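Structure first, commentary second.
The values are calculated or read from the model by the stated rules, or taken from the named source; none is laboratory data. All figures in this text were calculated on a predicted structure; none of them were measured in a lab. Note: ideal-geometry Cβ built from the backbone for every residue, glycine included; neighbour counts use all protein chains shown. The protein model used for the area step is the full one, side chains on, heavy atoms only, and it has no ligands, DNA or RNA in it. Shrake-Rupley method; radii C 1.70, N 1.55, O 1.52, S 1.80 Å.
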Amino acid sequence: MPSGGLMSYPDPPNQPSWPSAPPPGGQAPPPGAPFPPPQPSGPRSRAWLIPVAAGLSVVLMGTTVWASSALVDNVFGGAQPESALPASAIVFAELDLKPTGRQWASYAQFAGKLPDTLKNELGDVEEGPARQLVEEAFPELDYDSEVEPWLGRRFGLALWPTSTPGASLPGDEGLALALAVAVEDEEAAGEALAKVRSRQEHFFFEVDDDFALLSYSQGALDDLAAQMEAHGSLADAPDYSSDMNAIGSDNIASAWADLAAAAEVATTATGLSSPYGTDPDDFGEVSGRLAMALRIEGDYLELRGDTFEVTYGGSPMEGLAGENPGLSELAELPDDSVLAVGGDNLDTLATRLWEDNRELLEEIPEFPDFEMALAEMGVSLPGDFPRLLGSRTAFAITGSLAGSSDSWSSGTSFQYRAAGADRELFEDLLAGSGGGPAPGVSDDGGTVVVSYGTTGTGRLGDDPLFRQTMAGLEKSNIGFYLDVRDVLAAEGQGDAAQWGALGGSVSYDDEGNSSLVARWAPSGGA
């Protein structure tokens, strides 16, 4: 098995669809209805790690066009990098440039929706982003003759704790790192990597079955083998397997982390503390796990992050889901909403978060003045959250974001909706707002509506782009939406109409697990 060293140069499914507006004279839906890495400088060192790690993310946009148009030999299935890295890993990241059949169809549909400007900037990437990744990391090799014949186009990076002398990352005692690169021809891979080894001091590798294992020292590779023997592979670790199954497959990129171990590493490495100078230990330790995935569906690019079994200060983060979560009021906002956010049961969620973080809030110097100002307006938190937020809540800036400011007379229009909130409270609060005409307060079937300026007369929930962007997120706890077309049009972007929208959500379950979804739904090619 070739090995050695040398390389250094500086370095949520099945959701109901959004509801449509009722026909003229019909009844409204019932409440809650769904609706380039751094350039080298100085002596050659271990900086090959930087472009390799950075490349796991910077080539992703290029992947979309490549995967939709490249005519390459695609072999379905195959080994995954987590099978070659240890179960003792505390952080793992993977880049998969070898799509399945379903992914090919999604990529092609998505690529057809990309804005013309972006397509032109990406240029000719039919050869695939793997070329860019490899050429930046290994300039000694000719990609066409020395890499492409054996490269498997799957990459995995793992970080694990170690006490083995000579295995730690330089400057990070106690942590080791390795990169697993899928190979389709072991002999060809060994020859190419041996060439890199002969020219770079801090590059070590082993080719074993389906993967080339790369690291910065032979000690790290030896420790990797020992970790695999003692703990098995990450692919067979129960927590990792269940977490990644929950987040879904067919991902371009994914990542997983043990939060307690990762937080300890980050705190030790950076000396992080709270923004108000308070020791993080005063608020307890965090534990649990995080899984993330980047995937392409036909209508959008989606980043999803899920947490599992999270505790803070020894207490589980449960009880945040509430009953009948949803985004029903978000869909009732005007159809010209440019920036919108909302959710059901936000009064209960806000009360819980306020109570759980009271100690932290009191560390903010301005907090006493904030509470005093609320008291002068007859508001006491957290008790008055239901009066302010109601049971279903949404807010939107309408018309355009261009020219917005803090003044009522700025020309910015908005609408705030709070089902079951206290109308009289809002009338009292806004009566003395000053600075021009005050927002109007009205009632819409038990929903307090605060409006300013001119707003559309249709429902946001009926807008095709909104429905495309927010599909499947109707039962989330919190949702957000931004019409990118308006933002870019205000900046003079020529193809602004093709950039679509950003959207996403935050969801909780009864066990305290959470899920964050962020999407970009382009509208080019339509």
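What tally of residues in region 331-345 results from selecting those that are open to solvent by 30 Å² or more (accessible area, probe 1.4 Å) and either assigned to a strand (DSSP E or B) or of a type in the set (Lys, Arg) (or both)? Show your work before the answer.
So the first thing to find is which residues in region 331-345 are open to solvent by 30 Å² or more (accessible area, probe 1.4 Å), and the list is 332, 335-336, 339, 341, 345.
Remaining after also requiring either assigned to a strand (DSSP E or B) or of a type in the set (Lys, Arg) (or both): 339, 341.
Count: 2.
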Some residue of region 216-236 being more than 21 Å from Val517 (Cα to Cα), modelled with pLDDT of 95 or more, part of a strand (DSSP E or B) and among the small types (Gly, Ala, Ser): yes
Residue in region 396-419 that is within 30 Å of Lys475 (Cβ to Cβ), open to solvent by 60 Å² or more (accessible area, probe 1.4 Å) and at pLDDT 85 or above present: no
Where a residue in region 284-305 is on the phi > 0 side of the Ramachandran plot and its partner, wherever it lies, is part of a strand (DSSP E or B) and among the hydroxyl-bearing types (Ser, Thr, Tyr), with Cβ under 7 Å and at least six apart: Gly284/Tyr312; Gly288/Thr307; Gly288/Thr311
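Taking the conditions exactly as written (open to solvent by 10 Å² or more (accessible area, probe 1.4 Å) and at pLDDT 95 or above), does Glu191 satisfy them or not? Can you show your working first?
Numbers: open to solvent by 10 Å² or more (accessible area, probe 1.4 Å): yes; at pLDDT 95 or above: yes.
Against the criterion (open to solvent by 10 Å² or more (accessible area, probe 1.4 Å) and at pLDDT 95 or above), Glu191 qualifies.
How many of the residues in region 203-224 are on the phi < 0 side of the Ramachandran plot, open to solvent by 60 Å² or more (accessible area, probe 1.4 Å) and out of contact with any strand residue (DSSP E or B) (no Cβ under 7 Å at 6 or more places or on another chain)?
Our first condition is that a residue be on the phi < 0 side of the Ramachandran plot; within region 203-224, this holds for 203-208, 210-224.
From the residues that got through so far, the ones that are open to solvent by 60 Å² or more (accessible area, probe 1.4 Å) too are 208, 210, 222.
In the following step, the residues that additionally are out of contact with any strand residue (DSSP E or B) (no Cβ under 7 Å at 6 or more places or on another chain) were identified as 208, 222.
The total comes to 2.
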Qualifying residues in region 181-193 (those that are touching a strand residue (DSSP E or B) at 6+ places or on another chain (Cβ under 7 Å) and outside any strand (DSSP E or B)) - the one nearest to Gln80 (Cα to Cα): Glu184
So Gln200, is it more than 15 Å from Ala84 (Cβ to Cβ) and surrounded by fewer than 20 Cβ atoms within 10 Å (Cβ to Cβ): no
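Scanning for something more than 18 Å from Ser400 (Cβ to Cβ) and among the hydrophobic types (A, V, I, L, M, F, W, C), does region 436-446 turn up at least one residue? Quick ask: steps written out before the conclusion?
Looking only at region 436-446, we keep the residues that are more than 18 Å from Ser400 (Cβ to Cβ), and these are 436-438, 440-446.
With among the hydrophobic types (A, V, I, L, M, F, W, C) added as a condition, the list becomes 438, 441.
Yes, region 436-446 contains a residue that is more than 18 Å from Ser400 (Cβ to Cβ) and among the hydrophobic types (A, V, I, L, M, F, W, C).
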Number of positions in region 86-105 that are open to solvent by less than 10 Å² (accessible area, probe 1.4 Å) and among the polar types (S, T, N, Q): 1
Of all residues in region 356-392 being assigned to a helix (DSSP H, G or I), modelled with pLDDT under 85 and in contact with a helix residue (DSSP H, G or I) (Cβ under 9 Å, 6 or more places away or on another chain), the one that is surrounded by the fewest Cβ atoms within 10 Å (Cβ to Cβ): Glu359
Per-region count, region 157-180, residues part of a loop (DSSP other than H, G, I, E, B) and either touching a Gly at 6+ places or on another chain (Cβ under 9 Å) or open to solvent by less than 30 Å² (accessible area, probe 1.4 Å) (or both): 8
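Just to be sure I understand, how many residues within region 494-525 are among the small types (Gly, Ala, Ser), part of a loop (DSSP other than H, G, I, E, B) and in contact with a Gly (Cβ under 9 Å, 6 or more places away or on another chain)? I'd like the intermediate steps shown before the answer.
Of the residues in region 494-525, the ones among the small types (Gly, Ala, Ser) are 494, 496-497, 500-501, 503-505, 507, 512, 514-515, 518, 521, 523-525.
Among the residues that remain, those that are also part of a loop (DSSP other than H, G, I, E, B) are: 494, 500, 512, 523-525.
So of that shortlist, the ones also in contact with a Gly (Cβ under 9 Å, 6 or more places away or on another chain) come out as 500, 512, 523-525.
Count: 5.
Among the residues of region 507-519, which ones are among the hydrophobic types (A, V, I, L, M, F, W, C) and open to solvent by less than 30 Å² (accessible area, probe 1.4 Å)? Write out each step before concluding.
Just the residues of region 507-519 that are among the hydrophobic types (A, V, I, L, M, F, W, C), to begin with: 516-518.
Val517, the sole residue that qualifies.
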Test for Ala291: is it at pLDDT 95 or above, open to solvent by 50 Å² or more (accessible area, probe 1.4 Å) and not in a loop (DSSP other than H, G, I, E, B): no
Failed item, numbered, when Arg352 is tested on (1) within 25 Å of the chain's Cα centre (by Cα); (2) under 16 Å from Met470 (Cα atoms): (2)
Filter result (over 21 Å from Gln80 (Cβ atoms) and either charged (D, E, K, R) or more than 32 Å from the chain's Cα centre (by Cα) (or both)) within region 204-229: Phe204, Ser217, Gln218, Gly219, Asp222, Asp223, Ala226
Any hit, region 239-258, residues being among the aliphatic types (A, V, I, L, M), out of contact with any strand residue (DSSP E or B) (no Cβ under 8 Å at 6 or more places or on another chain) and open to solvent by less than 40 Å² (accessible area, probe 1.4 Å): no
The lone exception for Gly152 - which of (1) over 23 Å from Gln80 (Cβ atoms); (2) surrounded by 20 or more Cβ atoms within 10 Å (Cβ to Cβ); (3) touching a Phe, Trp or Tyr at 6+ places or on another chain (Cβ under 9 Å) it fails: (1)
